[in-house]
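Reviewing the structure listed below.
The values are calculated or read from the model by the stated rules, or taken from the named source; none is laboratory data. A quick note: this is a predicted structure, and the numbers were derived from the prediction, not measured. Using ideal geometry, Cβ is built from the backbone for each residue, glycine included, and neighbour counts are taken over all protein chains shown.
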Amino acid sequence: MSQAGPGTPGAAETLPPVFEGAARRELDAVLKQYPTKQAALLPALWIAQRRQGWISPAAMAEVAEALGVTVAYVKGVVTFYTMYHQHPVGAHVVQVCTTSPCNLRGAEAVVTALLQATGCRRPGETSPDGQWTIVETECLGACGFATPLMIDDDLIESVTAEAVPALVARYR
Amino acid sequence: MGYPHPSHPRETVLLSRDFGDPEARRLDVWIRRGGYQALEKALGMGRDAVIEEVKTSGVRGRGGAGFPAGVKWGFMPKQKSRPHYLCCNADEGEPGTFKDREIMRWTPHAVIEGCAIAAYAIQAEDVYIYVRGEFTEPIRVLQGALDEAYAKGILGANAMGRGVRIDVTIHRGAGAYICGEETALMNSIEGKRGNPRVKPPFPAAAGLWGCPTTINNVETLAAVPHIVVKGGAWYKGLSLSNPRSTGTKLFSVCGAIAKPGNYEVTMGFPMKDLLWDLAGGPLPGRRIKAVQPGGSSVPFITAEEAERTLLDYEGCLAVGTQLGSGGVIVYDDATDLVYQVMRLARFYAHESCAQCTQCREGTAWTTKILQKMLRGEGRAEDLDLLADLAEQMTGKTICVLSDSCAAAVTSAMQKFRPDFEACLRDGRRAGAA
């Protein structure tokens, strides 16, 4: 294997452990909020993704260890939820809503403009410079503000195709 | 106030009074505006008296199912032998719906107060607010409000200094529409895949960790403080149509409409006035063609039907649709309806948890057949095939996701047959949205 891709040991080994220092304390605080350790799984995965940018196989193993469940179980949960990245992603992840209410108001043109402005070839892929991952997502719950999109943790309302280049420049 | 535009004079402003005013997020301001009086009052009432008040109000679940909230609370065991739990469903993901988002981001304390009152009434000490993962701002605002409520002693081991424990935790989802289904939501809180559970048992018998659990929508819980302070009878009086649909309802109007946004009106308000007056009617030069009044999961109605429909549970049923979550999606004459129906089917295919065959296969094949038609490769028998698929997807699965997809397709085919026939002939309409 010439390239460290998704799921390869090489990609995971370079990452520091998830649950040390503040992250460990955060997990301990989360565990107090539930009667079972297993219930802390979604919060634990959020902590892991915030620390590492995605959910690496090593992170899954750490989460499994911390919560007393198997790695296979953790993987089953990770793959169910679309917001957990199963592969390394760009420095910025953009989720654009293209479900019907937004689709009616030009959401697909916003996606096209984003691909052009960032150099991504198609939705779901990362730009060659590693800066951008553009994802078509289903309903962001902001249908009255078509087209909404999320850049990392920021929700931006009422984005038009024309506004995309300036928006991308702001995050570059 | 009002957000994104000022409240219309014809709105009945109860839950949306402070939309657009960031000051309302602050606990001191909220208390000055009457906040937490309801919790104070409720804690001085018997638990049963609180439940009775909510029953009297007639408030029905605002998440989509429309089940009477007081009756639901009444299903919880009176003799507590195991922990009781309350879940607040803030997984708002029904396409077309964006009301819970505004309630949480502008009036977080209304949600917290509603949760605390409900928790007291059903003898729950732990409340989980399940917020969809994409709602980063509502989560931040809600967490800030929770921190303030804890610091002030409103929540915690001795809530309001009245000797009851009420702890509230925000549980962040991670991108799964199906987790808005109540039993899937509970599985998700338990750290599992969000697969819906077979019912019965219902949550009041066996919910979170097998314990008695009540789950209410954000908007339902936000209405509770008003009911407690002003009385169930007062709330029941808020109705323009019939006593089975009471209170105010936030309608999220979106799609092909001049002024998209949330509008809070009294139950029974005419849909015609909501669309053509409050929301400004169609976009310039266009004509409204179809409406889904309760989110993407309810059947389509025509513009003519919308014009004579009253916005309440019974009024929507009368024209063969449902009030649902109150997400009003408007389609106009510039819409390629078949394309948009395909887009909805694709949504359901993407969001199917895949445990039931009828849903997993049915949503995927519905999408593929519609896509094939849109490419201009449709065959005459495809419409029958879609109808047959829809029948197999209805009433046969653990939850209603599959039924929702089928309802959108069959209602659209029934009411807008010429659009589907044109698509069979010509494929996707050039230049249409």
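Looking across the range A:148-160, the residues that are assigned to a loop (DSSP other than H, G, I, E, B) and either within 11 Å of chain B (Cβ to nearest Cβ) or among the aromatic types (F, W, Y) (or both) come down to A:P148, A:D152, A:D153, A:E157, A:S158.
Per-residue answers, yes or no, for (1) crowded, with 19+ Cβ neighbours inside 10 Å; (2) touching an Asp or Glu at 6+ places or on another chain (Cβ under 7 Å); (3) free of Cβ contacts under 8 Å to residues at least 12 places away in the same chain; (4) not hydrophobic (A, V, I, L, M, F, W, C):
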| site | (1), (2), (3), (4) |
| --- | --- |
| B:G64 | yes, yes, no, yes |
| B:P95 | yes, no, no, yes |
| B:D126 | yes, yes, no, yes |
| B:P138 | yes, no, no, yes |
| B:L146 | yes, no, no, no |
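Scanning the range B:2-25 for residues that are surrounded by 15 or more Cβ atoms within 10 Å (Cβ to Cβ) and over 30 Å from B:D273 (Cα atoms) turns up just one, B:R25. One residue stands out in the range B:303-347 among those that are more than 15 Å from B:T97 (Cβ to Cβ) and among the aromatic types (F, W, Y): the one that is surrounded by the most Cβ atoms within 10 Å (Cβ to Cβ), namely B:Y331. I'd like the full set of residues that are farther than 14 Å from B:P77 by Cα and among the hydrophobic types (A, V, I, L, M, F, W, C), limited to the range B:193-226. Those that are farther than 14 Å from B:P77 by Cα and among the hydrophobic types (A, V, I, L, M, F, W, C): B:V198, B:L208, B:W209, B:I215, B:V218, B:L221, B:A222, B:A223, B:V224. If you filter the range B:214-263 down to residues that are part of a strand (DSSP E or B) and more than 14 Å from chain A (Cβ to nearest Cβ), you find that the one that is surrounded by the most Cβ atoms within 10 Å (Cβ to Cβ) is B:K249.
Looking only at residues of the range A:32-68 that are among the β-branched types (V, I, T) and crowded, with 18+ Cβ neighbours inside 10 Å, we find that the one that is farthest from A:Q95 (Cα to Cα) is A:V63. Please work out if B:G255 is at pLDDT 95 or above, within 30 Å of B:A349 (Cα to Cα) and touching a helix residue (DSSP H, G or I) at 6+ places or on another chain (Cβ under 6 Å). Yes, satisfied. Just one of the numbered conditions (1) within 13 Å of another protein chain (Cβ to nearest Cβ); (2) under 24 Å from the mean Cα position of the chain (by Cα); (3) within 23 Å of B:I227 (Cβ to Cβ); (4) not hydrophobic (A, V, I, L, M, F, W, C) is not true of B:G180: (3).
This table checks each residue for (1) in a strand (DSSP E or B); (2) at pLDDT below 95; (3) away from every other protein chain (no Cβ under 11 Å); (4) in contact with a strand residue (DSSP E or B) (Cβ under 8 Å, 6 or more places away or on another chain).
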residue: A:F80; (1), (2), (3), (4): no, no, no, no
residue: A:H85; (1), (2), (3), (4): no, no, no, yes
residue: A:V89; (1), (2), (3), (4): no, no, yes, yes
residue: A:E108; (1), (2), (3), (4): no, no, no, no
residue: A:A113; (1), (2), (3), (4): no, no, yes, no
residue: A:Q116; (1), (2), (3), (4): no, no, yes, no
residue: A:L140; (1), (2), (3), (4): no, no, no, yes
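So, restricting to helices (runs of 4 or more DSSP H) that lie completely within the range B:270-365, which ones have at least 2 residues that are at pLDDT 95 or above and away from every other protein chain (no Cβ under 12 Å)?
On the way: elements: B:303-307, B:313-318, B:337-351.
Per the criteria, B:303-307, B:313-318.
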